[in-house]
1. It is to be established whether one or more residues within the stretch 96-118 are open to solvent by less than 20 Å² (accessible area, probe 1.4 Å), at pLDDT 85 or above, within 19 Å of R18 (Cα to Cα) and not hydrophobic (A, V, I, L, M, F, W, C).
2. Which one of D61, D14 is modelled with pLDDT under 95 and either at positive phi or charged (D, E, K, R) (or both)?
3. Could we say that I172 is β-branched (V, I, T), more than 27 Å from A22 (Cα to Cα), touching a Gly at 6+ places or on another chain (Cβ under 6 Å) and surrounded by 15 or more Cβ atoms within 10 Å (Cβ to Cβ) here?
4. What helices (runs of 4 or more DSSP H) lie completely within the stretch 125-208 and have 1 or more residues being under 29 Å from R109 (Cα atoms) and either of a type in the set (D, E) or at pLDDT below 90 (or both)?
5. Test R92 against the criterion of being farther than 20 Å from V4 by Cα, open to solvent by less than 70 Å² (accessible area, probe 1.4 Å) and not in a loop (DSSP other than H, G, I, E, B), and give yes or no.
6. Residues that are more than 22 Å from N203 (Cα to Cα) and open to solvent by 60 Å² or more (accessible area, probe 1.4 Å): find the strands (runs of 3 or more DSSP E) completely inside the stretch 22-87 holding 1 or more of those.
7. If you go through the stretch 108-129 one residue at a time, do you hit one that is touching an Asp or Glu at 6+ places or on another chain (Cβ under 6 Å) and under 19 Å from V4 (Cα atoms)?
Amino acid sequence: MRVVIGEDLALLRDGLIRLLEANGCTIVAAVEDEAGLRRSLLEDDLDVAVVDVRLPPTFTDEGLRVAIEARQARPGLPVLVLSQYVEQLYARELLSGGDGAVGYLLKDRVSDVGRFVESVRQVAGGGTVMDPEVIAALVASRSRRDDPIERLTARELEVLGLMAEGRSNAAIASRLVITEKSVGKHTSNIFSKLDLFPDDDDNRRVRAVLAYLRGAS
């Protein structure tokens, strides 16, 4: 898996390089500012980008802006954004395109190496991975009564929320202490209630998660 890293803090950038290389990834570029990231995302052959929201020169939202521009120029480009805090506006902007292959994690999650590497792989594979705290913030801001998500039961919302974290059916079953068969039934109900008709189940999972998260905007 070929990875581009955009992170201005040298210590964290070096840590990400070492962590990902130790797990079989090839780092094609590790840059520290907006210009370097833009060049790498538009020119390099990569499978996924791991990008800090805030980069020089202004340390506001350069990383996110460059990532969104790159996804417009290269549709479907997988991007996993890292942020120090839950920032709903950034999460919504990342999701606004309606495609998968996106992730938004708090930097604290990098300490869970296995989970972080799996998140990178899921985004590279076209999935959607969102930090639990980001999900909670987005869901708390929902207020639309005509939102299709309102059709879901409390348990279905739990299942969909865990799907948004990038968890498999087996992991969801373990977390909720139910069977995988039950998770499959809930997932089927979610697809039906969100009018996601059969095509590819992986694609429907991504579309369901995006509908769930975009509805908070």
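1. There is no residue in the stretch 96-118 that is open to solvent by less than 20 Å² (accessible area, probe 1.4 Å), at pLDDT 85 or above, within 19 Å of R18 (Cα to Cα) and not hydrophobic (A, V, I, L, M, F, W, C).
2. The match here is D61.
3. Spelling it out, it is not the case that I172 is β-branched (V, I, T), more than 27 Å from A22 (Cα to Cα), touching a Gly at 6+ places or on another chain (Cβ under 6 Å) and surrounded by 15 or more Cβ atoms within 10 Å (Cβ to Cβ).
4. On the way: elements: 132-140, 154-164, 169-176, 180-193.
Once the helices (runs of 4 or more DSSP H) in the stretch 125-208 are filtered for at least 1 residues that are under 29 Å from R109 (Cα atoms) and either of a type in the set (D, E) or at pLDDT below 90 (or both), what remains is 132-140, 154-164, 180-193.
5. yes
6. Numbers: elements: 26-31, 48-52, 79-83.
Counting at least 1 such residues, we get 26-31.
7. yes
The values are calculated or read from the model by the stated rules, or taken from the named source; none is laboratory data. What you see is a predicted model; the values in this text were computed from it and never measured. Because the Cβ atoms are built from the backbone with ideal geometry, glycine has one as well, and the counts that use them run over all protein chains shown. Note: accessible area is taken over every heavy atom of the protein model, side chains too, but ligands, DNA and RNA are not part of it. Shrake-Rupley method; radii C 1.70, N 1.55, O 1.52, S 1.80 Å.
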